Amino acid sequence: MISIDSSQSQIRLLEILPGSGLDDIRCSYRIISLDVEVKYQTLSYVWGESKEHKSVVLEGRAVNVTDNLFSALQTIRSLSESEPTILWVDALCINQEDAVEKMEQVHMMRHIYARCTNCFVHFGKASASETGASEEDSPQVARAVWDAIRLVADPTPYSELPPGLATPEAQAQAGQAFQFIDKGPWWSRIWTIQEGVAPPHHTLLWGPLSMPWEVFVQFSNNAMDLRWPDNLGLNFFSFFPGGVASDLSASFTALEMAASWANDRPDPLEMLWRFRYRNSSDPRDKVYTILALLREGERPLPSVTSSDYEISAATLFKRVTIDLIRDDWGLRPLIGFRGEQKSVPDLPTWAIDWSLPKQNSVSDFWAHNEFYLDFTADRGLPMLDRDLLVSDDDNSTIHLNGVKFDHILASSKPIETSEIDEVAEVWDEITRAAEARGLRQDAAAKTFRKIVFRNMMDGKFLEAGRDSEWRKGMWSNQTLFITGAGYIGLGPSTVAQGDEVWILSGGRVPFLLRPREMRPEHDHAGGLSDYVFVGDTYMPGLMHGEAVEGRLDEQRLVLVH
């Protein structure tokens, strides 16, 4: 591969020679600097999981590419019959085996996309697996989808339906195929955020078909506003069975929000959570892609100054979590885990895992964040000391100051119902378990706790309107518990007997910490105790500083691993 000098803003471009049909795709490299105005186009696509590869001829040598990339290159070449196409493609224009070059080029990627004349967005090959039709019928079905999008975007030229949409059966088939466009893998990739907002223009590709991005945007706007040409007999519900274009709305809203980050100073914690559930082959890209959307020179996370692929995902995620705590002046970054198991090896219990969970996700930052500012559990404690947060070189433990209040006596299984009466049965079970473990309560105390429990689950402590949001967002994958002193609470799915309730500096809600099994090598000067992080909780009677009153002399530092 021809060498480049990233310090001079150099990139490789492909010059794709004209050709047609089954001709070999032949191309060569052209080296340019982004400091000089050069016209080129870019490609946004899904690498794909297919193990099938095809080859292109690059600088006279056969080079393997994924099936999806080959399909995209074929279509792009067909759009320029006589002139070479100048194109930037990540898989072929970055040396994927050179970690240093990859880091430097990824750092430049926003500029690469922003300075192109057009970005081709390749949804897929329009194959049978995408359209739901047979291989023989797939081209016609894909064409019908394209016709429907154009018709809804601007029905003016149409006096009747195109042939591929003329019958209810044909519309149903096109509607099924449209689901791949509406919910397909392009929308779920982390990199497509940047590729969707940085370029000045886009062209959509699906198999051999192409369409200006503006047409698709107009289609989406009309569908979301229910401006639908039903006078021609096109059935809205064939394309949007739920009766609303919610997926399209969410996708375009996300792109609009990401585009605004180049001008605003967004909350870095909410930025990263906004797209946490997007896919990436490298978990580190979940951070690097989002930070690349910020305006030049904006560095909300001081420890992440470049896209460094020589550090592990665990090292990166530890640094990011510490930066987020310092940026927030508090422990809001540690809410909403709900006991979700981490996928990245060697990640401390307190660090946020930005990769997709191996099993179903149970975390819900947004539900917890909705109510976090309502509470002041740490009222009376000193502010979080950002300078003392970490002391070891590899950031594996954090120092937190706080007051231990109580311990867990009994807990339930994770809540899997939205019916309050069924949750009440779970409450009765853990009450009996707590009594068997020594909780003493007379009939009045038992009745009082049940009232507190019902109010907690119903969100009665919130103003009208927000209680329903509490019931909707705060039950799922949470656990009910009772403490040794008889307090009740709602916490993560991993709550266990013996977990300790702590009020921590910088934490507006109580947190659960689990004593770590001590070994001689973990003894610490000054008597610091070792814990692992369990999660945040809601506990009636402790949410506004009550647990701190009269206990300031009990403050101590703990190490959380």
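The values are calculated or read from the model by the stated rules, or taken from the named source; none is laboratory data. What you see is a predicted model; the values in this text were computed from it and never measured. Using ideal geometry, Cβ is built from the backbone for each residue, glycine included, and neighbour counts are taken over all protein chains shown. Just the protein is used for accessible areas: all its heavy atoms, side chains included, with ligands, DNA and RNA removed. Shrake-Rupley method; radii C 1.70, N 1.55, O 1.52, S 1.80 Å.
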Ratio Rg/Rh, restricted to the range 333-390 and using Cα atoms, in which Rh is the Kirkwood radius
1.03
Would you mind telling me the share, in percent, of accessible area of the chain contributed by carbon and sulfur at probe 1.4 angstrom?
48
Would you mind counting up the charge near Ala148? Only other residues with Cβ under 13 Å from its Cβ, with Lys and Arg at +1 and Asp and Glu at -1.
-2
In Å², rounded to a whole number, the accessible area per residue of the range 146-286 with probe 1.4 Å is 42
Per DSSP, the loop-located trypsin sites (Lys or Arg not before Pro) within the range 2-60 having at most 11 other beta carbons within 10 Å are Lys39, Lys51
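State which entries of Lys342/Lys472; Lys318/Lys342; Lys286/Lys318; Lys54/Lys125; Lys102/Lys183; Lys286/Lys342 exceed 19 angstrom in Cα-Cα distance in the structure shown.
Beyond 19 Å: Lys342/Lys472; Lys102/Lys183.
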Radius of gyration and Dmax over the Cα atoms of the range 136-202, both given in Å:
14.5, 41
Semi-axes of the equivalent ellipsoid for the range 4-85, Cα gyration tensor, largest first, Å
23, 16, 12
Intensity falloff of the range 91-227 expressed as log10 I(q)/I(0), Debye formula with alpha-carbon point scatterers, at q = 0.10, 0.13, 0.21 Å⁻¹:
-0.41, -0.65, -1.30
Ellipsoid equivalent to the range 312-456 - semi-axes via the Cα gyration tensor, in Å
34, 20, 15
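Is it possible to state the helix-based mean residue ellipticity at 222 nm for the chain, with each DSSP H run of 4+ residues giving -39500 (n - 2.57), the sum divided by total residues, to the nearest 500 deg cm²/dmol? What is it? Walk me through the intermediate numbers first.
Details: 17 runs with 185 residues, N = 561.
The per-residue figure over the chain is -10000 deg cm²/dmol.
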Plugging the Cβ-Cβ distance of Ala433 and Asp385 into 1/(1 + (r/R0)^6) at R0 = 30 Å yields, to the nearest 0.05, a FRET efficiency of 0.20
Which of (1) 217; (2) 144; (3) 192 gives volume of the Cα convex hull per residue in Å³ as computed here? It is (3)
Taking the full set of protein chains and a 1.4 angstrom probe, give the accessible area of Val560 in square angstrom, rounded to the nearest 10.
0
On a 0 to 90° scale, report how tilted helix 99-114 is relative to the longest principal axis of the chain, with both axes built from alpha carbons and the result rounded to the nearest 10.
70
13 Å beta-carbon shell around Gly486, net charge (K/R +1, D/E -1):
+2
Computed Kirkwood radius, in angstrom, where 1/r is averaged over Cα pairs of the range 375-478
17.1
Taking R0 as 60 Å, what FRET efficiency do you get between Ser306 and Glu425 from their Cβ-Cβ distance, rounded to the nearest 0.05?
0.65
For Lys446, list the lysines whose Cα falls under 22 Å from its own Cα; do not include residues on the same chain fewer than 8 positions away.
Lys413, Lys460
Scattering from the C-alpha atoms of the range 191-267 alone, worked out with Debye: what is log10 I(q)/I(0) at q = 0.22 1/Å?
-1.14
P(r) over all Cα-Cα pairs of the range 56-157, 5 Å bins from 0 to the longest distance, whole percent per bin, short to long, reads 2, 9, 14, 17, 18, 16, 11, 7, 4, 1, 0
For the range 62-67, take each phi angle, set θ = phi - 60°, evaluate the Karplus expression 6.51 cos²θ - 1.76 cosθ + 1.60, and give the result in whole Hz per residue in order, putting x for glycine and proline.
6, 10, 6, 9, 5, 4
R0 = 22 Å: FRET efficiency of Asn95 with Asp35, Cβ-based, nearest 0.05?
0.60
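Work out, step by step, the length gained on full extension between Gln341 and Ser80: first 0.36 nm times the residue separation, then minus their alpha carbon distance; give nm to one decimal.
Taking 0.36 nm per residue and subtracting the Cα distance, the gain is 89.0 nm.
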Stretch gain in nm, segment Met224-Glu256, where the contour uses 0.36 nm per residue and the Cα spacing is subtracted:
10.0 nm
Excluding Gln74 itself, what net charge comes from residues whose Cβ is under 15 Å from its Cβ, given Lys and Arg +1 and Asp and Glu -1?
-1
Antiparallel DSSP beta bridges within the chain, percent to nearest 5
75
Quick check for you: with a 1.4 Å probe and neighbouring chains kept, what is the accessible area per residue of the range 352-440, in Å²?
54
Amide H to amide H under 5 Å from Asp406: which residues, 5+ apart in sequence or cross-chain, H placed 1.01 Å off N in plane?
Val501
Starting from the Cα coordinates of the range 463-513, work out the convex hull volume and express it per residue in Å³.
106
For Lys39, list the aspartates and glutamates whose Cα falls under 19 Å from its own Cα; do not include residues on the same chain fewer than 8 positions away.
Glu15, Glu81, Glu83, Asp90, Glu195
